[in-house]
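Working notes, beginning with the structure itself.
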Amino acid sequence: MKILVTGCAGFIGSNLCDALLDLGFDVIGVDNFNDYYNPKIKENNLIYAQTFKSFKLYRSDILDFNNISSIFKKEKPQYVVHLAARAGVRPSIVNPKLYAEVNVLGTVNLLKLSVEFKVKRFIFGSSSSVYGNSPNIPFSEDDLCLNIISPYGSSKRKAEFWVESFYRSYGLCSVILRFFTVYGPRGRVDMAPSLFVQAILDDKEILRFGDGLTSRDYTYVTDIVEGIVKALNCSTNLETINLGNSNSITLTDFIKEVEVVIGKAAKVKIMPKQAGDVEKTWADVAKAKRVLGWAPKIYITSGLKQYIEWLK
């Protein structure tokens, strides 16, 4: 089985590539190594994958249709896992046009080529941001997503519509996976788990935005990777599925968990709440259990212990 993974050098993408290669699959990695954060980190993320002869890396942008088309023509992937995206809620407020271009048009490029080259299944990495400030807690996949509050969330929801339409128009079997606040080894350096853990380890100040009562459904990266692998092997034609820990934790309690695991108190500086921050994320994972046979295995304390040991 040959699988094309976009965003292969990123946090989730690189962990997925490692897992797929260990399982014996041929992996075609595509990444543009942009400077959203230090590209050297992304280079390091692929050190293990590049020890495999069954891994090929293409440095390409998903907006470059001709180049991506040439990759499909040469490699003829059977499956596509599309994880490449401009990430981050707050930066999307500053530059919404970029997010619309990459996250929507880039997805359309991949969908068109997947149809042209008869890809068997298209897996799209979406986000809990599509739920925004939905009043329906926990978030389930039948939510109408009428409360999106960021351009990032909007771009992901728009891309979901395109995935759905390509199944209905062209029969491209697809699974949309909505990820909930992923953390763990290689975690993005701009996200709270990375920022907080590193600051406390270094005896530096952390910034807590808002009153500390916003909550997130922190999900360990190995659980996310397992969900993606199961989605590749499922027999459904079109599904939207949450992948989350189903255990929402307030920001204040999350900081306390980090303090306990590290064994050191945090130096907290309270800042005003930032635009685009939702009040709560909390995944209903009943559908993931039913359709994929998937359930989270790593909960916050054990997840933080594993992550901190890796980080050290």
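Exactly one residue out of PHE55, PHE25 is closer than 25 Å to ARG178 by Cα, aromatic (Phe, Trp, Tyr) and free of Cβ contacts under 8 Å to residues at least 40 places away in the same chain, and it is PHE25. For SER155, the stated conditions hold: it is among the hydroxyl-bearing types (Ser, Thr, Tyr) and buried (at least 24 other Cβ atoms within 10 Å of the Cβ). When VAL189, VAL163 are checked against the criterion of being over 19 Å from ALA19 (Cα atoms), surrounded by fewer than 17 Cβ atoms within 10 Å (Cβ to Cβ) and either under 18 Å from the mean Cα position of the chain (by Cα) or of a type in the set (Ser, Thr, Tyr) (or both), a single residue qualifies: VAL189. Restricting region 201-253 to residues that are among the aromatic types (Phe, Trp, Tyr) and modelled with pLDDT of 95 or more, the residue that is nearest to GLY132 (Cα to Cα) is TYR218. For GLU141, the criteria (1) out of contact with any strand residue (DSSP E or B) (no Cβ under 6 Å at 6 or more places or on another chain); (2) not in a helix (DSSP H, G or I); (3) not hydrophobic (A, V, I, L, M, F, W, C) hold in every case but one, which is (1). Quick check on region 35-52: of everything there that is in contact (Cβ under 8 Å) with a residue 12 or more places away in the chain and polar (S, T, N, Q), which residue is surrounded by the fewest Cβ atoms within 10 Å (Cβ to Cβ)? Filtering region 35-52 for residues that are in contact (Cβ under 8 Å) with a residue 12 or more places away in the chain and polar (S, T, N, Q), the one surrounded by the fewest Cβ atoms within 10 Å (Cβ to Cβ) comes out as ASN38.
Among the residues of region 1-19, count how many are outside any helix (DSSP H, G or I) and not small (Gly, Ala, Ser).
Adding up the residues that qualify gives 7.
In the list GLU101, GLU164, GLU116, which residue meets the criterion of being within 18 Å of GLY7 (Cβ to Cβ) and either at pLDDT 95 or above or in contact with a Gly (Cβ under 6 Å, 6 or more places away or on another chain) (or both)?
GLU101
Could you please find all residues in region 273-312 being closer than 15 Å to ASP217 by Cα, part of a loop (DSSP other than H, G, I, E, B) and among the charged types (D, E, K, R)? Matches in region 273-312: ASP277, GLU279, ASP284, LYS297. Might you let me know whether region 248-266 holds any residue that is of a type outside the set (A, V, I, L, M), crowded, with 17+ Cβ neighbours inside 10 Å and closer than 30 Å to VAL94 by Cα? There is at least one residue in region 248-266 that is of a type outside the set (A, V, I, L, M), crowded, with 17+ Cβ neighbours inside 10 Å and closer than 30 Å to VAL94 by Cα.
Is it the case that THR240 is surrounded by 17 or more Cβ atoms within 10 Å (Cβ to Cβ) and either among the charged types (D, E, K, R) or under 18 Å from VAL291 (Cβ atoms) (or both)? So THR240 passes the test. When region 69-127 is filtered for residues that are surrounded by fewer than 16 Cβ atoms within 10 Å (Cβ to Cβ) and not in a helix (DSSP H, G or I), the ones remaining, listed by number, are LYS76, ASN95, LYS118, LYS120. Note on region 20-60: residues that are within 18 Å of the chain's Cα centre (by Cα), among the acidic types (Asp, Glu) and assigned to a strand (DSSP E or B) amount to 1.
The values are calculated or read from the model by the stated rules, or taken from the named source; none is laboratory data. For clarity, every value in this text was computed on a predicted model and none was experimentally measured. Don't worry about glycine lacking a Cβ; one is built from the backbone with ideal geometry, like all the others, and counts go over all protein chains shown.
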